[in-house]
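Structure first, then comments.
No lab work stands behind these numbers, since they all come straight from the coordinates. Everything numeric in this text was worked out from a predicted model, so none of it was measured. Note that each Cβ is placed from the backbone with ideal geometry, even for glycine, and that neighbours are counted across all protein chains shown.
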Amino acid sequence: MAKTKSSSKIKSREKILDYILVVVFIGILIITLYPFLNVLAISLNDPIDTMRNINFIIPRKFTWNNYVSVFRDNNLIQPFMLSVLRTVVGTVISLVSTSMIAYVLSRRDFYFNKITTFLFLITMYVSGGMVPEYLLMVRTLNLKNSFWVYLLPGMIWAYNIILMRSFMDGLPDALQEAARIDGANDFTIWAKIIMPLCTPVLATVALFYAVGQWNSFMDTYLYAKDLPTLQYVLYEIMQKAEMKIDPHAADQMVNAVSPLSTRMAVTIIATVPILVVYPFLQKYFVGGMTVGAVKD
């Protein structure tokens, strides 16, 4: 009887704990989703109604005018295609470069392994600054208004190199030794053995690079205004957004688009492509972050 009572008490405590966890997770879910739902609701709500109260998650007066205004007054097709191109090409080039460097650093017979890794780590905390970078891009490399200015500066990130190297360190050495016995060189080992085994971390790093390329607009602002990307055009739209309405003219207020509504519509336009891609990489993303992190 005593064992039965103790077990029932344990079960009741576990149920209470489960209920508490459910409430906590629901609260975290609400806190996480509310900002995005609020932005989405404002972008789809009538601007004049939004001025009265912006704290809502469902459009009170649904309208497409905010999005129509953004697409009607600005040619977004070419900037969008340029953003997609730089994201795809830049991500592929960065993956190849990062994986090659990470493979070299993961080699135990590479004599300068530690010093090279240390030099990469320094770049995560210390940079040359904007002025030297600008002079390098414009005067030395002559990349102003060139598509290469979107690819070369961010081709490798030190953090991604360390992440990928940590993953490769966990792969069995016997695979590379067997390949060398069969006559494979380093490039063959990297391409046909290491890369297929690194799918989780490759997807993780690809997501990092893709998000960085897609969201970047300062490089366009500094180096390539003749090749505007979607983010830069959307940034200009938000900067130029002004509400010019006579509050006493009701006919003008019907089709009004406020700066706040424009900013929210622009935010949704810039965010949706990444939200569409992320679910396909989510399982690889989690695997790549955890497997590389548990290595001793």
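Things worth noting here:
- Mean-square fluctuations from a GNM of the chain, with a 10 angstrom spring cutoff on Cα atoms, peak among Leu175, Leu82, Leu260 at Leu175.
- Highest-fluctuation residue, Ser127, Ser166, Ser43 considered, GNM on the chain with Cα pairs under 10 Å: Ser127
- This ranking places Met81, Met100 by how few other beta-carbon atoms lie within 10 Å of each, fewest first, which gives Met81, Met100.
- Of interest is the spacing of the C-alpha centroids, which for the stretch 69-147 and the stretch 34-57 amounts to 36 Å.
- For the chain: relative contact order, % (alpha-carbon pairs under 8 angstrom, 6 or more apart): 28 percent
- Using C-alpha pairs below 8 Å separated by at least 6 residues, the relative contact order for the stretch 1-141 is 11 percent.
- Span-like helix ranges in the chain, DSSP H, alpha carbon extent 27 angstrom or more, Kyte mean at least 0.5: 2-43, 77-106, 259-291
- Enclosing the Cα atoms of the stretch 25-133 in their convex hull gives a volume equal to 238 cubic angstrom per residue.
- Rg of the Cα atoms in the stretch 77-223, relative to 2.2 N^0.38 Å, amounts to 1.18.
- Building the convex hull from the alpha-carbon atoms of the chain and averaging its projection over directions returns 25.3 nm².
- At R0 = 41 Å, FRET efficiency that the Cβ-Cβ distance of Leu222 and Val23 yields, to 0.05: 0.30
- Taking the fewest neighbouring Cβ atoms within 10 Å as the starting point, the ordered list for Thr229, Thr123 is Thr123, Thr229.
- Within the listed set Val22, Val96, Val126, the residue fluctuating most in the Gaussian network model of the chain (springs between alpha-carbon atoms under 10 angstrom) is Val22.
- Nearest-0.05 FRET efficiency for Ser12 and Val131, computed from C-beta distance (R0 51 Å): 0.15
- Ascending count of other beta-carbon atoms within 10 Å, so fewest first, for Leu76, Leu17: Leu17, Leu76
- Helical runs (DSSP H, four residues minimum) scored at -39500 (n - 2.57) apiece and divided by the length of the chain put the mean residue ellipticity at 222 nm at -22000 deg cm²/dmol.
- Using only alpha carbons, the stretch 8-68 has a radius of gyration to Kirkwood radius ratio (Rg to Rh) of 1.35.
- Residues of type aspartates and glutamates that Lys240 reaches as a straight line, Cα spacing below 17 Å, ignoring anything fewer than 8 places off in the same chain: Asp73
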